[in-house]
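Here's the structure we're looking at; comments come further down.
Bear in mind that the values in this text are calculations on the coordinates, not laboratory data. Worth saying up front: this structure is predicted, and the values here are computed from it rather than measured. We place every Cβ from the backbone using ideal geometry, glycine too, and count neighbours over all the protein chains shown.
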Amino acid sequence: MLSVSNLSVQFGKRVLFDDVTTQFTNGNCYGIIGANGAGKSTFLKILSGQMEPTSGHVSLEPGKRMSVLEQNHHAYDEYTALETVLRGNKELHGIKTEIDALYADYTDENAERIGELQVRFEELNGWNAESDAATLLSNLGIDASQHYSLMGDLDGTLKVRVLLAQALFGNPDVLIMDEPTNDLDYETITWLENFLAHYDNCVIVVSHDRHFLDSVCTHISDIDFGKINHYSGNYTFWYESSQLAARQRAQQNKKAEEKKKEL
């Protein structure tokens, strides 16, 4: 689904990632963890194409769509909440915009192009797009009376919810989110956990909320010493397993030291 090949990232003399090769597959939710400064957010930016690696490359399976949770809360201030969500699927929004423009200046020559666009529009479930977007907004606590409010007129907590709805809209094949639970109340976080727990595609998420990672993750991806290792299970399973492994290593080292002294 999403592959990373020979990825290296270096800032000056500091090596953040060193020849990382890995892949993220469909049907799994990966929780990216690591110490502060390990490069979690940087890794998401590279996966989403917002940042270029020093070397190596990221490839998304042809025909698949990636959606990323927008971090700039002012990026859509000039649009309504509903249109902001619809813009989450760029292809669908672009087709709708072109169809509207062709109808506004309708000629016989435009008819064939409109027909072609409408076929693709239907394939993308375009006729239900607005109702689907409105349902997402309502589920995330945005009242119907605010669906046509400009983003610039909404407070910060509501903007976060609209941008989250934008990321989720249209069933993306790969969903990338950095701290999606920030500024959400318990009820909305619970809804998001349930949504992701039943999500069939690939999810890659960074979160400091351990309960959230336990609820949604099928895999934990640990960034350590410039490498990324995937572990099956949620955060608690990974943590308990890593603690057990650490104790076993400590015992082995202790026995080795005792044997060394004996010899």
Per-residue ellipticity at 222 nm for the chain, helices alone: DSSP H runs ≥ 4 residues times -39500 (n - 2.57), over residue total, nearest 500 deg cm²/dmol? -14000 deg cm²/dmol
Residues whose modelled amide H sits under 5 Å from the amide H of Leu124, counting only those 5 or more places away in sequence or on another chain, are none
Length-normalised contact order of segment 1-107 in % [C-alpha pairs under 8 Å, at least 6 apart]: 26
Under 16 Å from the 7 Å Cα→Cβ point of Asp200, by amide nitrogen: which residues of segment 19-35? 26-29
Over the chain, what relative contact order in percent results from Cα pairs under 8 Å that are six or more residues apart? 28
Percent antiparallel among DSSP beta bridges confined to the chain, nearest 5, equals 55
In whole Hz and in residue order, list the ³J(HN,Hα) couplings for segment 28-45 that follow from phi through the Karplus curve 6.51 cos²θ - 1.76 cosθ + 1.60, θ = phi - 60°; x for Gly and Pro. 10, 10, 9, x, 7, 10, x, 5, 4, x, 6, x, 4, 5, 4, 4, 5, 5
Quick one: longest stretch of the chain between exposed loop chymotrypsin sites (Phe, Trp or Tyr not before Pro), exposed meaning at most 15 other C-beta atoms within 10 Å and loop per DSSP? 1-105
If you add up the charges near Gly126, with Lys and Arg at +1 and Asp and Glu at -1, over every other residue whose beta carbon is less than 15 angstrom from its beta carbon, what do you get? -4
Full-extension gain between Glu130 and Gln50, please, as 0.36 nm times their residue separation minus the C-alpha to C-alpha distance. 26.0 nm
With +1 on the Cβ of every Lys and Arg and -1 on the Cβ of every Asp and Glu, the dipole magnitude of segment 79-170 about its Cα centre, in debye rounded to the nearest 20, is 520
Fluctuation leader among Gly152, Gly31, Gly115 - the chain, Gaussian network, Cα springs under 10 angstrom: Gly115
Taking the beta-carbon count within 10 Å as an exposure proxy, list Glu98, Glu262, Glu116, Glu193 from fewest neighbours to most. Glu262, Glu116, Glu98, Glu193
Per GNM of the chain with C-alpha springs under 10 angstrom, the most fluctuating residue out of Glu130, Glu52, Glu122 is Glu122
Which residue fluctuates most in the GNM of the chain (Cα springs below 10 Å): Arg87, Arg210, Arg113? Arg113
What distance in nm lies between label points placed 7 Å from Cα along the C-beta direction at Asp153 and Thr107? 3.8
Any chance you could count the Lys pairs in the chain whose alpha carbons are under 20 Å apart, treating pairs 8 or more apart or on different chains as valid? 9
Counting other beta carbons within 10 Å of each Cβ, put Thr80, Thr181 in order, fewest first. Thr80, Thr181
For Asp18, Asp143, what's the fewest-to-most ordering of other Cβ within 10 Å of each Cβ? Asp143, Asp18
Summed side-chain charge close to Met1 - residues other than Met1 whose Cβ falls under 9 Å, Lys, Arg +1, Asp, Glu -1: -1
